[in-house]
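The values are calculated or read from the model by the stated rules, or taken from the named source; none is laboratory data. Since this is a predicted model, take the numbers as computed values, not measurements. Don't worry about glycine lacking a Cβ; one is built from the backbone with ideal geometry, like all the others, and counts go over all protein chains shown.
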Amino acid sequence: MKKQRLITLFVLAVLFSCDAPTEEKRYEGAEQEGAAEQEELVLDNTFSTWMQYEGLLPCADCKGIQTVLKLENSPNKKERSYELTETYQGTKDGDREYVRSGIYEVVYGLENDPGAMAIRLLDDSGAALKSFLQDKEGMLHLLDTNEKNISAEGTYTLELVKQ
């Protein structure tokens, strides 16, 4: 298990270490050191691929939200695409699936964590739709609308499952 995790981290570091996102945003006071460590987990600069993250997020009025997030890694494009599929399981009308797509940006430094790296999904108008904090293991943690950690009960994490 530990060996597999190390291999996964190594592969992620190799894949993510060379990219300089075209749409970087920094908050004042963002620490360079923390962002530099996290930048290794971002995107590869050698070829275009899709990174896929999955997880079952809590839901107040259903059994859970099966979430699949695909992030495009394309160094030759100015804007990177995402596809977000959310399936609300066990609603009174059965399972309901919603698919959204658009572009995303990588943000370094958040108000409550200057060394953080976040993925911000944008809607068609360019407004933030959802934001995720990327941890050192490459997992994405859903943030609230103010880009702060969610303190509610439950797991708000998506794990990398496919590259």
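Here are a few things to note about the model shown:
- When Gly154, Gly102, Gly126, Gly138 are screened for being within 19 Å of Leu84 (Cβ to Cβ), in a loop (DSSP other than H, G, I, E, B), of a type outside the set (A, V, I, L, M) and in contact with a Phe, Trp or Tyr (Cβ under 9 Å, 6 or more places away or on another chain), only Gly138 passes.
- Extreme residue, modelled with the highest pLDDT, among residues of the stretch 137-152 that are out of contact with any Pro (no Cβ under 8 Å at 6 or more places or on another chain) and of a type in the set (Gly, Ala, Ser): Gly138
- Criterion: within 10 Å of the chain's Cα centre (by Cα), surrounded by fewer than 16 Cβ atoms within 10 Å (Cβ to Cβ) and assigned to a strand (DSSP E or B) - qualifying residue of Glu159, Glu97: Glu159
- Boolean, Pro58 is out of contact with any strand residue (DSSP E or B) (no Cβ under 6 Å at 6 or more places or on another chain), surrounded by 13 or more Cβ atoms within 10 Å (Cβ to Cβ), modelled with pLDDT of 90 or more and not aromatic (Phe, Trp, Tyr): yes
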